[in-house]
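Visitor: Take this structure, written in structure tokens, and hold onto it; I'll ask about it next.
The values are calculated or read from the model by the stated rules, or taken from the named source; none is laboratory data. What you see is a predicted model; the values in this text were computed from it and never measured. Don't worry about glycine lacking a Cβ; one is built from the backbone with ideal geometry, like all the others, and counts go over all protein chains shown. Accessible surface is based on the protein model in full, side chains and every heavy atom, while ligands, DNA and RNA are left aside. Shrake-Rupley method; radii C 1.70, N 1.55, O 1.52, S 1.80 Å.
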Amino acid sequence: MADKTPKEHVGTPVATRIDPTKEAISEGQLHFIRQVELQQWKKKTQKLRTRNVVTGIAIGALVMGIYGYTFYAVSQERIMDEMDEEAKRARLQGPKTGAN
């Protein structure tokens, strides 16, 4: 697994996590933190919204496919019923023999 500990960067300034409740932070810094958090939240919600739309379209397409297939199958069933009726009529109108 990847090492979760932060690597030390020599000579490069790196952002560190701070706890605003324990450390003294100015109003300007708090405002900046809130703005950055809001931007990150908007970015994440846009990704989630896109995923939700794609999932909704996929589920809707599946439902419509099942619905359409059901109608198709029922219409085929009617055709089979009509063919059975025609076969019954043909048997009834056919010649009567001792074997019938």
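Visitor: Is at least one residue of the stretch 89-100 of a type in the set (Lys, Arg), open to solvent by 80 Å² or more (accessible area, probe 1.4 Å) and outside any helix (DSSP H, G or I)? If you could, list the steps in order and put the result at the bottom.
Guide: Residues of the stretch 89-100 of a type in the set (Lys, Arg): 89, 91, 96.
Remaining after also requiring open to solvent by 80 Å² or more (accessible area, probe 1.4 Å): 89, 91, 96.
Imposing the further condition that a residue be outside any helix (DSSP H, G or I) reduces the set to 96.
Yes: one or more hits.
Visitor: Moving on to the next point. Scan the stretch 32-72 residue by residue and report those that are of a type in the set (A, V, I, L, M, F, W, C), at pLDDT 90 or above and over 30 Å from ALA15 (Cβ atoms).
Guide: Result: VAL53, VAL54, ILE57, ALA58, ILE59, ALA61, LEU62, VAL63, MET64, ILE66.
Visitor: Identify all residues within the stretch 22-44 that are open to solvent by less than 100 Å² (accessible area, probe 1.4 Å) and aliphatic (A, V, I, L, M); write none if there are none.
Guide: Matches in the stretch 22-44: ILE25, LEU30, ILE33, VAL36, LEU38.
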